[in-house]
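The values are calculated or read from the model by the stated rules, or taken from the named source; none is laboratory data. Keep in mind it's a predicted model, so treat the numbers as computed, not measured. Please note: Cβ atoms are built from the backbone with ideal geometry, for glycine as well, and neighbour counts cover all protein chains shown.
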C-alpha cells in the first residue's frame, strides 16, 4: 500500500507567489519539510510539498489520500478554502499551525482532524491511528519533545524562490512572555534540540552559510554558549535572531563572533520604554539600544532591527521621528510591522475587552493592516504612517547612510536593503 500525501503552506496577503517578498529576503520555512520527515517511512508515503509563497500548483491533477495544511492567522482563510476543496474530493484533511493552536474549535469546522502545538509526537500517532482506522478529531501537544524533532526533508521543497542559505533551528522555544506573541502558545519556554543533533545536521547539509531561525536563542545562555563553541569548530558563517541581552554578556559576544555569526535580527520594537513595559518586553532598555548595536558592530556583526508601530504611546509625530532614531542607533537594516493582536493572545483579549478590535477578518492579521483601534490616531492614519516610515527608511539617502556604518558584508547588506526597498514599494498595493 502507498499513501499519497499532500502538505500545503497557504499564502496570505504578503506571503504569496510573485507579490511582496523576493528571494533576496525570503528564507525557506521548515514547517512542511519537518512534517514530511515525521511521516513513518514504513507507510511507503508519496509526499508532495506545496509552499504557495513561492510556487503555483495545480490541485486538480491527481488524488491524495491525506492532505495536511499548516496555517497562521492571516493564511487561515486560504487554508480553510483549500481544506473544503479537498474534503469534497474525498481526501482526509488535517490542519495545524499557529492559528489552529490558537483557535482549534474554529479550525475544526473546516477539516477532519486538528493538531495543536508542535507535531513531533502527535503526527506519527495520527498516522498509526489512521492505519488502524481509529483516527481522532483532535491531537493536542501539551509539551515539546525537541529531541524527537527530525532532520527536515529539504529535498522535497521547491528549489526556487528562497535565499540560498539552508535554514535550521536549535531551540524552538522562548522564555519571554510578550503579550502579542504566539510563540509561547505553540512552543513554550524550552524546546532545545540536543546540540549534537544540530551539529550533525549542519554537517550533513554540506554548506558553509546558514540561517538560524531560533526565536530566542539566549533563553538558555549556557545552551547558547555551548552551541556557539561547537559551531566555531565547523568554520561556517551564519545569521540568526537574538535578544538585546546578547550585548550584556562579554563571553557570549566573544563566542558569538568566533562561531561565525555575520548578522543578527534584534527585536527593538519601540523607542518608548513605557510601551515596552506594557508589552511585557521588560528586558529591552531603550537607553541601551545604541550601546548594544555598537558592541555588535565592534564584533563585525550587522544588525537587522525590527519595530512595531501602533503601540499605545505612538503618535503620528513620534512615528515620523522613528527613521532618525534608527539612523542615530546605526541599525543596519530596519524592518517594520503594525502591531497585531493575534486571536486568543493576552493582547487580543485585552483589546477585545476594551472594544478596540475592529475586525475579525483574519486575512488582515498580517502585520501590514491595522485591525484594532490605536490610542492616538485612526487605523487608516496608522497605516499611512506605516507606509511613510517604510518609504523614508528605504530612500536612497537613508540606505547609503546605513551602509557607511555597516561593519562587514556591505554587499549583502546592500542587497537586503534593496530587497526591502522593493518590498516597501509593494506595500501600498497590498493595503488596497
Open item on the list: Quick check on residue 262: is it in a loop (DSSP other than H, G, I, E, B), closer than 27 Å to residue 399 by Cα and in contact with a strand residue (DSSP E or B) (Cβ under 7 Å, 6 or more places away or on another chain)?
Closed with: no
Task: Residue tally, condition in contact with a helix residue (DSSP H, G or I) (Cβ under 7 Å, 6 or more places away or on another chain) and closer than 19 Å to residue 330 by Cα, over the stretch 252-271 - done: 7
TODO: Collect the residues in the stretch 109-121 that are farther than 22 Å from residue 51 by Cα and either at pLDDT 95 or above or outside the structural domain of residue 8 (by TED's automatic domain parsing) (or both), keeping them in residue-number order.
DONE: 109
TODO: Output the number of the condition that residue 362 fails; it satisfies all remaining conditions of (1) over 21 Å from residue 275 (Cβ atoms); (2) surrounded by fewer than 21 Cβ atoms within 10 Å (Cβ to Cβ); (3) in contact with a helix residue (DSSP H, G or I) (Cβ under 9 Å, 6 or more places away or on another chain).
DONE: (2)
TODO: Please tell me if residue 241 is out of contact with any helix residue (DSSP H, G or I) (no Cβ under 9 Å at 6 or more places or on another chain) and assigned to a strand (DSSP E or B).
DONE: no
Open item on the list: Scan the stretch 145-153 and tell me whether some residue there is at pLDDT 95 or above, surrounded by 19 or more Cβ atoms within 10 Å (Cβ to Cβ) and in contact with a strand residue (DSSP E or B) (Cβ under 7 Å, 6 or more places away or on another chain).
Closed with: no
Open item on the list: Here is a list: 115, 94, 86. Which entry is part of a helix (DSSP H, G or I), in contact with a strand residue (DSSP E or B) (Cβ under 8 Å, 6 or more places away or on another chain) and surrounded by 15 or more Cβ atoms within 10 Å (Cβ to Cβ)?
Closed with: 86
Open item on the list: If I filter the stretch 277-292 down to residues being without any contact (Cβ under 8 Å) to a residue 40 or more places away in the chain and in contact with a helix residue (DSSP H, G or I) (Cβ under 7 Å, 6 or more places away or on another chain), which single residue comes out as surrounded by the most Cβ atoms within 10 Å (Cβ to Cβ)?
Closed with: 286
- [ ] Output the residues belonging to the stretch 368-403 that are touching a strand residue (DSSP E or B) at 6+ places or on another chain (Cβ under 9 Å) and without any contact (Cβ under 8 Å) to a residue 40 or more places away in the chain.
- [x] 371, 373, 379, 394
Open item on the list: Which residue is farthest from residue 420 (Cα to Cα), if the candidates are limited to the stretch 348-367 and must be assigned to a helix (DSSP H, G or I) and in contact (Cβ under 8 Å) with a residue 60 or more places away in the chain?
Closed with: 350
Task: Answer residue from the stretch 395-408, given it is within 17 Å of residue 295 (Cα to Cα) and part of a loop (DSSP other than H, G, I, E, B) and is modelled with the lowest pLDDT among those - done: 408
Task: Selection within the stretch 317-347 - part of a helix (DSSP H, G or I) and at pLDDT 95 or above - done: 317, 318, 319, 320, 322, 323, 324, 325, 326, 327, 328, 329
Open item on the list: Quick check on residue 218: is it part of a helix (DSSP H, G or I), at pLDDT below 85 and buried (at least 18 other Cβ atoms within 10 Å of the Cβ)?
Closed with: yes
Open item on the list: Go through the stretch 175-198 and report how many residues are over 21 Å from residue 245 (Cα atoms), outside any loop (DSSP other than H, G, I, E, B) and modelled with pLDDT of 70 or more.
Closed with: 4
Open item on the list: For the stretch 270-313, give me each residue that is at negative phi, touching a strand residue (DSSP E or B) at 6+ places or on another chain (Cβ under 9 Å) and in a loop (DSSP other than H, G, I, E, B).
Closed with: 270, 271, 279, 281, 284, 299, 301, 302, 311
TODO: Look at residue 234 and say whether it is within 23 Å of residue 299 (Cα to Cα), at pLDDT below 95 and not in a helix (DSSP H, G or I).
DONE: no
Task: Residue tally, condition in contact (Cβ under 8 Å) with a residue 24 or more places away in the chain, on the phi < 0 side of the Ramachandran plot and either crowded, with 20+ Cβ neighbours inside 10 Å or in a loop (DSSP other than H, G, I, E, B) (or both), over the stretch 155-164 - done: 6
